[in-house]
Amino acid sequence: MYTLTGVSKIFRNSGETVHALRAVDLEIGDGQMVTIQGRAGAGKSALVRILGAADRPTSGSVLLGQEDLAEATDKRLDLLRAGDIGVVSGSPRLFPTLTAEENVELTLVRLGIAAPARRGAAHAALVAVGMADHARELAARLTGVERQRVAIARAMVRSPQVLLADEPTGGLDEAGREAILAVIDGVRREPEHGVTVVVATRDPAVAARAERLLLLDRGTVLEAAPMSRAA
């Protein structure tokens, strides 16, 4: 799936040089669920953005399959983000005046998919995350957990290879967190998806749900340790 070799990311912030990532070497296999932990400023967001083709490394290679994201054209990266890489953040950012189904369907418009097929795919994605009964409800009327379920459906409707989640349970209570983690785990395990999941989190309870834990400190991967899955 992913092979990172010598990946560094350097940027300037208020005149200061920041080394967000330092010569990261990393492999993530097909179908794995991986969590990335670290303090604020450790490099989690920088790594997620690079894995999600939203940013390029300053140096090094980032292979998604056999394709180097560091060398791909902007147009190719746009296509990967539109189809092969699904992203979920802690803030779902749904359109409040659209229904849950319309929010999910909207992401398929740029792919040129006909309206009947879009509606069918959106409905199936909402079924997969347990939101079929809320398909026609306005996003503004949904709870925080329900909005995050819709955001996951929106990310998964394109059948991506990878689901990247940056603090997907931020702001949720324990019950909400467990509900969202169950949804993510469920879509990962469905045969028609088989998606690789990478979650950036500061919550140890979230990290405990993954098969593998990456610890980042000042841009360096300190450890890649298997985790015992929570019951």
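Brief remarks follow.
- Those residues of segment 71-89 which are more than 25 Å from Glu167 (Cβ to Cβ) and either of a type in the set (S, T, N, Q) or in contact with a Gly (Cβ under 9 Å, 6 or more places away or on another chain) (or both), in sequence order: Thr73
- Among residues of segment 105-157, those that are without any contact (Cβ under 8 Å) to a residue 24 or more places away in the chain and assigned to a loop (DSSP other than H, G, I, E, B), counted: 4
- Scanning segment 52-104 for residues that are in contact (Cβ under 8 Å) with a residue 24 or more places away in the chain, in a helix (DSSP H, G or I) and under 17 Å from the mean Cα position of the chain (by Cα) yields a total of 6.
- From Leu181, Leu164, residue being at pLDDT 90 or above and either touching a strand residue (DSSP E or B) at 6+ places or on another chain (Cβ under 7 Å) or part of a helix (DSSP H, G or I) (or both): Leu164
- Scanning segment 1-32 for residues that are in a strand (DSSP E or B), farther than 27 Å from Ala208 by Cα and over 21 Å from the mean Cα position of the chain (by Cα) yields Gly6, Ile10, Phe11, Arg12, Asn13, Glu16, Thr17, Val18, His19.
- Options Glu101, Glu105, Glu146; residue that is of a type in the set (Asp, Glu) and surrounded by fewer than 22 Cβ atoms within 10 Å (Cβ to Cβ): Glu146
- Of the listed requirements (1) out of contact with any helix residue (DSSP H, G or I) (no Cβ under 6 Å at 6 or more places or on another chain); (2) part of a strand (DSSP E or B); (3) hydroxyl-bearing (Ser, Thr, Tyr), Thr35 misses just one: (1).
The values are calculated or read from the model by the stated rules, or taken from the named source; none is laboratory data. Note that this is a predicted model, so its numbers are computed, not measured. Glycine also receives a Cβ, built like all others from the backbone with ideal geometry; neighbour counts cover every protein chain displayed.
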